[in-house]
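Notes follow the structure.
What follows draws every value from the coordinates through simple rules; no lab data is involved. Fair warning: this is a prediction, and the values are worked out from it, not measured in the lab. With ideal geometry, Cβ positions are generated from the backbone for all residues, glycine too; neighbour counts draw on all protein chains shown.
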């Protein structure tokens, strides 16, 4: 059920290239590389590299032309899907980007019946139509929960769907980052816990940033 956005991004890249290099360039979002959080991150990484505590050679994510956000460990909703007080859930991570034109990325973390992906693209404006279903993060009469608005999709929205999908977008450094959480039928309740999902958005961390120049 995992929806890998790499194919979508590749399709968008093909469309932009067909329109010409100038058109593709005009589609790029502007990144706020002067943000203090980025400056602090870059400085810390440089100090770690100088002490030999960080790799000297850039990774695939270091080559991405936008700040990379991801979850550093399992979000709360993933932990809630593992009953008991066992060890911290560990997942498998896959990274998708176009190394010849790294203006987008997608990180997919798989934890058994729950998959969490974070994706951002300098070529794409993440906007939603007026009919896009948005659900509040608190019940009637309850205090509002801080965090982004979360959309949830299940069999009521797509015939034949057995699990559930939750999605939200946060904008940081001038870039929209979309988080998609996919649950099987066994963990469907976790994808519908919008309060926990909104709370988990605070756990997104900067894990790579390479300012131009």
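Here is how the numbers come out for the structure above:
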| quantity | calculated |
| --- | --- |
| Packing-based exposure ordering (other Cβ within 10 Å, fewest first) of 152, 31, 114 | 31, 152, 114 |
| Two-site FRET efficiency, residue 49 against residue 99, from Cβ-Cβ distance with R₀ of 22 Å, rounded to 0.05 | 0.55 |
| Footprinting exposure proxy for 123, 93 (fewest neighbouring C-beta atoms within 10 Å first) | 93, 123 |
| Segment residue 40-residue 59, extension gain: residue separation times 0.36 nm, minus the distance between their alpha carbons | 4.9 nm |
| Relative packing of peptides 38-51, 162-175 - highest average C-beta neighbours within 10 Å first | 162-175, 38-51 |
